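J.: Sending over a structure as structure tokens; questions will come in a sec.
The values are calculated or read from the model by the stated rules, or taken from the named source; none is laboratory data. All values reported here derive from a predicted model rather than from experimental measurement. All Cβ positions, glycine included, derive from the backbone under ideal geometry; neighbour counts span all protein chains shown.
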Ligand code: CMC
């Protein structure tokens, strides 16, 4: 709920000669919104806004995004600083607690994460029941949802134990993600190890085998750490809104996060990182015939879109995309990986940025455009890319869920509609229908 002093202006709305004054809310960075909360009650009108392009669904203190200038901050800190100077778990703490942890707080948080790294052994059997080639995103969402049965909240008030539930989720999601990968390739599960860092632990669970021990390289850990930070929150995007929506009905944190995972899966959202690689591979197999894909993307009758380009909010470079592009060059160099898809990606970006058609639509590479190339270099298979996004986004989802539940202004998410179906019809019994 904004402070009263944020209402210092009103907007006038005139309907059929009658004037209504609607309060204006101003955020601390100058973003303005017309408060229509009483509009229906006062005027009988709703607002029509498909895709919520113009709607602010809440007031939030977590993430600030300026789409015109390409600015992104978590809790006031520039993404550039956080991505280059922090551990992912520090950023997770920041998102959850609205402060960067001091050493003691960080150690306590690390200990909590260590304590909750295992999943209940009965859950391990669930993995056996998925068919081969099951999508890791569907496994992740099912497993996260079922955590509620194994770790129900200890009290009627879920906020009372939120730190424990949050730590459980942030720790266990890694274990679930790595187990689903191991099952999918028929290898024995590797259990978490408390002597490894958050990212090192995940990589070890993914790639260690009884016959070939995995060496956790600090460069690989650093690259993964950066990617997870860049994904950690992005205000009211589709999956975060799904988390808030389910939570607004009183849903528990696990089922709300599970809904977020499902929303993230779509190729217009987190699934774009996987779609980018498929697109670059297709261009590669087509002898780098960029023109064909550019023409498809411009064709109004073709549903094809350039995955990894465009964003609802950014009208310039996505700052996360810029950081990832630089990281991509660094990590491929350090690991001495030569990936033909990197050159294709660079060329495609160049073409798009210089094509007046795409320039007129403000299409710039987004976070998903180069992230997959780094994941490939780290050895992560393509069908796990969106799972990686979910691992990164989890602290943001939890912080947003918590904020929503703590906000006295929260109401159940329940949009209205404009009915355009059949007018009232007389019922015809089955025997009389022709
Ligand atoms: N390729 C070709 N044309 C595009 C693209 C694209 N990637 N993105 C937008 N456009 C065009 C679109 O056809 C439309 O043209 P017109 O005005 O002539 O109808 C115009 O640009 C505006 O697009 P929109 O679909 O109305 O914009 P939106 O804000 O609803 O969609 C988006 C945003 C991210 C879904 C869209 O840009 C897109 O589909 N991008 C590709 C998928 C992708 O990379 N998603 C990841 C987004 S970033 C990370 C995340 O959120 O997960």
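J.: I need a count of the residues in the range 108-134 that are part of a loop (DSSP other than H, G, I, E, B) and surrounded by fewer than 18 Cβ atoms within 10 Å (Cβ to Cβ).
T.: 7
J.: Which one of these does residue 288 not meet: (1) within 16 Å of the ligand (Cβ to nearest atom); (2) surrounded by fewer than 22 Cβ atoms within 10 Å (Cβ to Cβ); (3) outside any helix (DSSP H, G or I)?
T.: Among (1) within 16 Å of the ligand (Cβ to nearest atom); (2) surrounded by fewer than 22 Cβ atoms within 10 Å (Cβ to Cβ); (3) outside any helix (DSSP H, G or I), residue 288 violates only (1).
J.: Residue under question is residue 170, and the condition is that it be surrounded by 22 or more Cβ atoms within 10 Å (Cβ to Cβ), modelled with pLDDT of 95 or more, touching a helix residue (DSSP H, G or I) at 6+ places or on another chain (Cβ under 8 Å) and over 20 Å from residue 62 (Cα atoms); does it hold?
T.: no
J.: Another question, then. Quick check, is residue 422 part of a loop (DSSP other than H, G, I, E, B) and more than 22 Å from the chain's Cα centre (by Cα)?
T.: Here the answer is yes, as residue 422 does meet what is asked.
J.: Then there's this: Residues in the range 67-77: is at least one surrounded by 15 or more Cβ atoms within 10 Å (Cβ to Cβ) and in a helix (DSSP H, G or I)?
T.: no
J.: Related question: From the list 263, 275, 297, which one is within 25 Å of residue 404 (Cα to Cα) and either in a helix (DSSP H, G or I) or in contact with a strand residue (DSSP E or B) (Cβ under 6 Å, 6 or more places away or on another chain) (or both)?
T.: So the residue among 263, 275, 297 that is within 25 Å of residue 404 (Cα to Cα) and either in a helix (DSSP H, G or I) or in contact with a strand residue (DSSP E or B) (Cβ under 6 Å, 6 or more places away or on another chain) (or both) is 263.
J.: On the given criteria, is residue 235 on the phi > 0 side of the Ramachandran plot and at pLDDT 95 or above?
T.: yes
J.: Right, something else. Suppose the filter is surrounded by 15 or more Cβ atoms within 10 Å (Cβ to Cβ) and assigned to a helix (DSSP H, G or I); does residue 373 pass it?
T.: It is true that residue 373 is surrounded by 15 or more Cβ atoms within 10 Å (Cβ to Cβ) and assigned to a helix (DSSP H, G or I).
For every residue, the table says whether it meets (1) near the ligand (Cβ under 10 Å from one of its atoms); (2) closer than 21 Å to residue 386 by Cα; (3) buried (at least 23 other Cβ atoms within 10 Å of the Cβ).
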site	(1), (2), (3)
235	no, yes, no
248	no, no, no
257	no, yes, yes
282	no, yes, no
301	no, no, no
304	yes, yes, no
308	yes, yes, yes
322	no, yes, no
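J.: Also, quick follow-up: Let me spell it out: the conditions are (1) in contact with a helix residue (DSSP H, G or I) (Cβ under 8 Å, 6 or more places away or on another chain); (2) more than 14 Å from the ligand (Cβ to nearest atom); (3) closer than 26 Å to residue 85 by Cβ, and residue 326 meets all of them except one. Which number is the exception?
T.: It is condition (1) that residue 326 fails.
J.: Among 82, 65, which is in contact (Cβ under 8 Å) with a residue 24 or more places away in the chain, touching a helix residue (DSSP H, G or I) at 6+ places or on another chain (Cβ under 8 Å) and within 27 Å of residue 225 (Cα to Cα)?
T.: 82
J.: Give the residue, chosen from 131, 101, 136, that is touching a helix residue (DSSP H, G or I) at 6+ places or on another chain (Cβ under 6 Å), without any contact (Cβ under 8 Å) to a residue 12 or more places away in the chain and away from the ligand (no atom under 16 Å from the Cβ).
T.: Result of the check over 131, 101, 136: 101.
J.: Restricting the range 13-27 to residues that are exposed (fewer than 11 other Cβ atoms within 10 Å of the Cβ) and assigned to a loop (DSSP other than H, G, I, E, B), which is farthest from the ligand (Cβ to nearest atom)?
T.: Among those that are exposed (fewer than 11 other Cβ atoms within 10 Å of the Cβ) and assigned to a loop (DSSP other than H, G, I, E, B), it is 17.
J.: Also, quick follow-up: For the range 228-245, enumerate the residues that are farther than 13 Å from residue 86 by Cβ and within 9 Å of the chain's Cα centre (by Cα).
T.: Once the filter is applied, which keeps residues that are farther than 13 Å from residue 86 by Cβ and within 9 Å of the chain's Cα centre (by Cα), the range 228-245 yields 231, 233, 234, 237, 238, 239, 240.
J.: Among the residues of the range 331-368, write down those that are away from the ligand (no atom under 13 Å from the Cβ), touching a residue at least 60 places away in the same chain (Cβ under 8 Å) and more than 18 Å from residue 286 (Cα to Cα).
T.: Within the range 331-368, 331, 334, 335 meet the criteria.
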